[in-house]
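Engineer: So that we are looking at the same thing, I have put the structure below in structure tokens.
Nothing in this text is a laboratory measurement; each read-out follows from the coordinates by a stated rule. Please read these numbers as outputs of a predicted model, since none were measured by experiment. Glycine gets a Cβ as well: all are built from the backbone with ideal geometry, and neighbour counts include every protein chain shown.
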Amino acid sequence: MKPDIRLKRAYEAADASDGCRILVDRMWPRGIAKDNAKIDYWAKQIAPSNELRKWYGHDPEKWDPFKEKYFHELDANPEAVAELMGHICQDRPTTFVFSSKERELNNAAALKAYVEQVAEFT
């Protein structure tokens, strides 16, 4: 069964409907107190490498190559992927929390696509 994964900016208020909240950024969002973020798990090791993140720079023309390169990074990091998968809720939604101003073409959206692809085979 495919998990119910949602995306939400860290700067939006946490809500009970978010279910499990997983921060998928390497760095903690600026100006957000850890107590207020209501993060259940911080998946630092799952975030894109700094080099990849800087290369991408939220350039829409680089979206497809970014996803491909990020998926290769994820494939090369099975321990972090397994740990993330262990924190994804099966009985309620899981929300990937991110700090990017870009709401559509960001690492959380790419990670969601990756997890949904992996979940099809499990």
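Engineer: Divide by every residue of the chain the summed helix terms, -39500 (n - 2.57) for each DSSP H run of at least 4, and state the resulting mean residue ellipticity at 222 nm, rounded to the nearest 500 deg cm²/dmol.
Structural biologist: -11000 deg cm²/dmol
Engineer: Further, regarding this structure: Could you tell me what a quarter of the Cα convex hull surface of the stretch 66-122 works out to, in nm² with one decimal place?
Structural biologist: For the stretch 66-122, the mean projected area of the Cα convex hull comes to 4.3 nm².
Engineer: Using the Karplus curve 6.51 cos²θ - 1.76 cosθ + 1.60 with θ = phi - 60°, work out ³J(HN,Hα) for each residue of the stretch 5-12 in order, rounded to whole Hz, and write x for Gly and Pro.
Structural biologist: For the stretch 5-12, the Karplus-derived couplings read 9, 10, 10, 7, 5, 5, 8, 8 Hz, x marking Gly and Pro.
Engineer: Hey, what did the stretch 5-119 get for relative contact order, percent, Cα under 8 Å, at least 6 apart?
Structural biologist: Relative contact order of the stretch 5-119: 44 percent.
Engineer: Which Cα, out of Ser49, Leu111, Met27, lies furthest along the positive dipole direction of the stretch 5-119 (beta carbon charges, K/R +1, D/E -1)?
Structural biologist: Checking the options against the dipole of the stretch 5-119, the answer is Met27.
Engineer: Between Asp40 and Glu73, how high is the FRET efficiency from 1/(1 + (r/R0)^6) when r is the Cβ-Cβ distance and R₀ = 25 Å? Nearest 0.05.
Structural biologist: So the FRET efficiency works out to roughly 0.60.
Engineer: Once you order the gyration tensor axes a ≥ b ≥ c over the Cα atoms, which shape class does the stretch 17-77 get: rounded for a/c under 1.5, otherwise prolate or oblate by comparing a/b with b/c?
Structural biologist: prolate
Engineer: Measure off 7 Å from each Cα along the Cα-to-Cβ vector at Ser49 and Arg103, then give the distance between these two points in nanometres to one decimal.
Structural biologist: 3.2
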